[in-house]
Amino acid sequence: MSDWDAFEERPLPEGLGGPEQPDPVSPGREMAALLQRYWADLQSERNRVQKESAAARKILTELAVHVARLDGLLREAAGPLEASGAKSLGRRLHVARKQVLEPLHAMDITTQDPTGKPYESVADEVDIAGWRYGPEFTAEVVAETLEPIVLDRGTVVRLGQVIMGAPLSAGTENDA
């Protein structure tokens, strides 16, 4: 009698298969399932971060518009401040302006003031809020910027709001 003839089948321990329980999952399949779950979690987190990043960049775009407005007001006030003897206040405001712009520039969010630029060069980057006609204009140019053009990584993400200027003859032609 061989050693194999003495071998008797024994019942499987509980939990390792049998007629009422499926076969255990192979280590390879278990690892694949685990990796799929981690991949799904990673994708979910990636989507969340992308949404939050997009929302933050939108807020920074709005902030850039307000900073540009503030910058214009500061430049306007520089002369009167100096004339009234408050030159140091003007310098402090200038430093504060730079400090506000630094984080925006670090995120590559910038603004452009198109005032004085010809219409053809900014046509795709601005919304026209109105027109001014006068002898001071020799061609269609941006007469005033109400809101700057905002760029995110060099791409226009918010159109500027402008008042266009044109020669008097253009106003009479358009009105006819």
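The values are calculated or read from the model by the stated rules, or taken from the named source; none is laboratory data. What you are looking at is a predicted structure, and each value in this text was computed from that prediction instead of being measured. Glycine also receives a Cβ, built like all others from the backbone with ideal geometry; neighbour counts cover every protein chain displayed. The area values use the complete protein model at the heavy-atom level, side chains included, leaving out ligands, DNA and RNA. Shrake-Rupley method; radii C 1.70, N 1.55, O 1.52, S 1.80 Å.
How far is helix 87-106 tilted, in degrees, relative to the longest principal axis of the Cα atoms in the chain, given as a value from 0 to 90 rounded to the nearest 10?
Here the helix axis deviates by roughly 40 degrees.
Give the calculated FRET efficiency between Arg75 and Ile163 to the nearest 0.05, with a Förster radius of 25 Å applied to their Cβ-Cβ distance. Kindly include the intermediate steps, with their values, before the conclusion.
Numbers: r = 18 Å, r/R0 = 0.73.
E(calc), rounded to 0.05, equals 0.85.
How far is it, in nm, from the label point at Ala139 to the one at Lys87 when both lie 7 Å from their Cα along the line to the Cβ?
With each label point 7 Å from Cα toward Cβ, the separation is 4.0 nm.
Give me the percent relative contact order of segment 58-172, please, defined on Cα pairs under 8 angstrom at least 6 residues apart.
Numbers: 184 pairs, mean separation 31.2, N = 115.
Normalised by residue count, the contact order of segment 58-172 is 27 percent.
Could you calculate the FRET efficiency of Asp124 with Arg48 from 1/(1 + (r/R0)^6), where r is the beta carbon distance between them and R0 is 35 Å, rounded to 0.05?
On the way: r = 33 Å, r/R0 = 0.96.
FRET efficiency, Asp124 to Arg48: 0.55.
Antiparallel as a % of all DSSP beta bridges within segment 59-176, to the nearest 5?
Working: 13 of 20 bridges.
Taking every DSSP beta bridge with both residues in segment 59-176, the antiparallel ones total about 65 percent.
Shape verdict for segment 75-164, please, from the Cα gyration tensor: rounded (a/c under 1.5), prolate (a/b greater than b/c) or oblate.
Values: a/c = 3.53, a/b = 1.30, b/c = 2.71.
Oblate, because a/c is 1.5 or more while a/b does not exceed b/c.
Check the straight Cα-Cα distances from Lys98 and name the lysines below 19 Å, setting aside those fewer than 8 residues away within the same chain.
Lys87
Just to be sure I understand: if I project the alpha-carbon convex hull of segment 37-104 onto a plane and average over all orientations, what area do I get in nm²? Let's see the in-between values first.
Values: hull surface 20.6 nm².
Mean orientational projected area (segment 37-104, Cα hull): 5.2 nm².
Would you check the accessible area of Ser84, probe 1.4 Å, heavy atoms only, in square angstrom rounded to 10?
The value for Ser84 is about 90 Å².
What is segment 26-176 by shape, rounded, prolate or oblate, if you read a ≥ b ≥ c off the alpha carbon gyration tensor as root eigenvalues and call it rounded for a/c under 1.5, prolate for a/b larger than b/c, and oblate otherwise?
It comes out oblate by the Cα gyration axes.
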